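Structure record follows, encoded as structure tokens.
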Amino acid sequence: MKFQKPPGTQDVLPGSAELWQFVEQTARELCRRYHYREIRTPMFEATELFQRGVGETTDIVEKEMYTFEDRGGRSMTLRPEGTAGVVRAYVENKLYGEPDIAKLYYIGPMFRYERAQAGRYRQFHQFGVEAIGSADPALDAEVIALGYSFYKAVGLKDVAVEINSVGTPQVRAAFREKLLGFLAPMKESLCKDCQSRMERNPLRVLDCKVDQAKFEGAPSILDSLDGECSAHFARVRECLDAMKIPYSINPRLVRGLDYYTHTAFEYKAQGIGSIDTVGGGGRYNGLVADIGGEDRPGVGLGIGLERTLLLLEKQGAGPVSGPAVDVYFIAMGERAEREAPGIVQRLREAGLAVERDYQGRKTKAQFKAADRIGARFAAILGDEELDKSEIALKDLASQEQRNVPLAGLADSIRNLITTEKGIVTNDA
């Protein structure tokens, strides 16, 4: 029997995992600077949470959710996005009782049954933030800036920010009639998804990738904004300008989730086939109440990590990695072999990355192994060194070698790493 990974999933192997770690660490460090704290929610929730939170007319709920009945007869769903679960946790754990805004972030897997293609997986990972408890448009701008800063920090170029206002439910209701008047004459020429959306959620027709060219001249929701919505959107732009975050206004941007109000935004980048959206988010002022809590405004974003990594690969960006291993320890002789476990453990406890041989290979083969894994130094211990309480330390780049006190081995290595100098021989 031959087993393979399920369609739409991937194995993250050594060599690739280090880039994942870099991206995740970058996200965590940015959240520390912006004072967002980590939250971890279950990977499955009650199906109704996503039906109410995400919206029953969205593609996610209609076509893409992994839903199952548990042994208690409850309908459960693997989380297709992060916001609904975070808001549920906010309500259930009474985070609204804290005096400050709840500024939260998450990193983890999501699940959607989609057609697998470059940048689109059935198990994918998101980095997201949620700020709940303030209607201040400056908070919208902060969230947009955090996402833009993330792409810059990981080394990506040419990531564009697009923003729009989707107004309030009242604004959208008035705009809906204008939009239907524009779409009605062309209904029969639209794709089946658009025809279906016209009946239930016509704003999402503008998000269609198939018929986009047909919507030239469509009414703009920006023309339907009331005074409050216009002022909110103007303040968001003013804050982005002050932060020098470049952006463009896209009046057709509606996002694929029903809970957005006021600000909606996306990050766009070329290089992943037909997909150009690599992240996005918006304000969701009614979502907390819809999920059963007190009515609290919120704003958030979600960034696809797989798409980020594909772009990093495409652009040749990412971290400049140093040696994966600081020291390769080589023991020559029975006495050295007996001492080796204790010395290696002490080096690791001192914060150094250390590897050694466990296959009984000869010294020459161990040096080859050290080169193969990219070790910076080799520490060679034999009977002669033990008798002198010393150990030979070899710089594998320069091939220079000298003996250092065995008791001070960790300090000697750290000093060389810190100063970024090679070993100076006794003759120099």
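Points to keep in mind about this one:
- With K and R counted +1 and D and E -1, the other residues having a Cβ less than 15 Å from that of Asp387 yield a net charge of -3.
- For region 44-160, the extents of the C-alpha atoms along the principal axes are 43, 42, 23 Å, listed from largest to smallest.
- Gain in span if fully extended, Ala218 to Val325, counting 0.36 nm per residue against the direct Cα distance: 32.6 nm
- Peptides 374-384, 289-299, 88-98 ordered by average Cβ neighbours within 10 Å, highest first: 374-384, 289-299, 88-98
- Value of relative contact order over region 94-227, rounded to a whole percent, pairs C-alpha under 8 Å and six or more apart: 17 percent
- Difference of contour (0.36 nm per residue) and Cα-Cα distance, Arg115 to Gln399: 97.0 nm
- For region 60-147, a simple Cβ point-charge model (Lys and Arg +1, Asp and Glu -1, everything else neutral) yields a dipole of about 520 debye relative to the Cα centre.
- For the pair Glu294 and Thr9, label points projected 7 Å from Cα toward Cβ lie 4.2 nm apart.
- Kirkwood estimate for the chain, i.e. one over the average of 1/r between Cα atoms, Å: 25.2 Å
- Whole-angstrom gap from region 333-394 to region 223-252, using each part's C-alpha centre: 61 Å
- Global geometry of region 93-157, whether rounded, prolate or oblate, following the gyration tensor of its Cα atoms and the 1.5 cut on a/c: oblate
- Two-decimal log10 I(q)/I(0) for region 283-428, as the Debye equation yields it once each C-alpha is a single scatterer, q = 0.09, 0.18, 0.19 Å⁻¹: -0.45, -1.04, -1.12
- Distance violations [Cα-Cα > 29 Å] among Lys63/Lys94; Lys152/Lys368; Lys5/Lys314: Lys63/Lys94; Lys152/Lys368
- Computed over the Cα atoms of region 123-266, pair by distinct pair, the Kirkwood hydrodynamic radius stands at 16.5 angstrom.
- Share of carbon and sulfur in the accessible heavy-atom surface of region 70-125 [1.4 Å probe, %]: 47 percent
- A protection proxy built from the mean count of other Cβ atoms within 10 Å ranks the segments 390-398, 410-418, most packed first, as 390-398, 410-418.
- Ranked by the mean number of other Cβ atoms within 10 Å of their residues, highest first, the peptides 179-191, 151-163, 122-134 come out as 122-134, 151-163, 179-191.
- Gained length - Gln195 relative to Arg414, 0.36 nm times residue gap less alpha-carbon distance: 72.2 nm
The values are calculated or read from the model by the stated rules, or taken from the named source; none is laboratory data. In this text, all values refer to a predicted model and were calculated from it rather than measured experimentally. So basically every Cβ, Gly included, is an ideal-geometry build from the backbone, and we count neighbours across all protein chains shown. Surface accessibility is based on the protein's heavy atoms, side chains included, excluding ligands, DNA and RNA. Shrake-Rupley method; radii C 1.70, N 1.55, O 1.52, S 1.80 Å.
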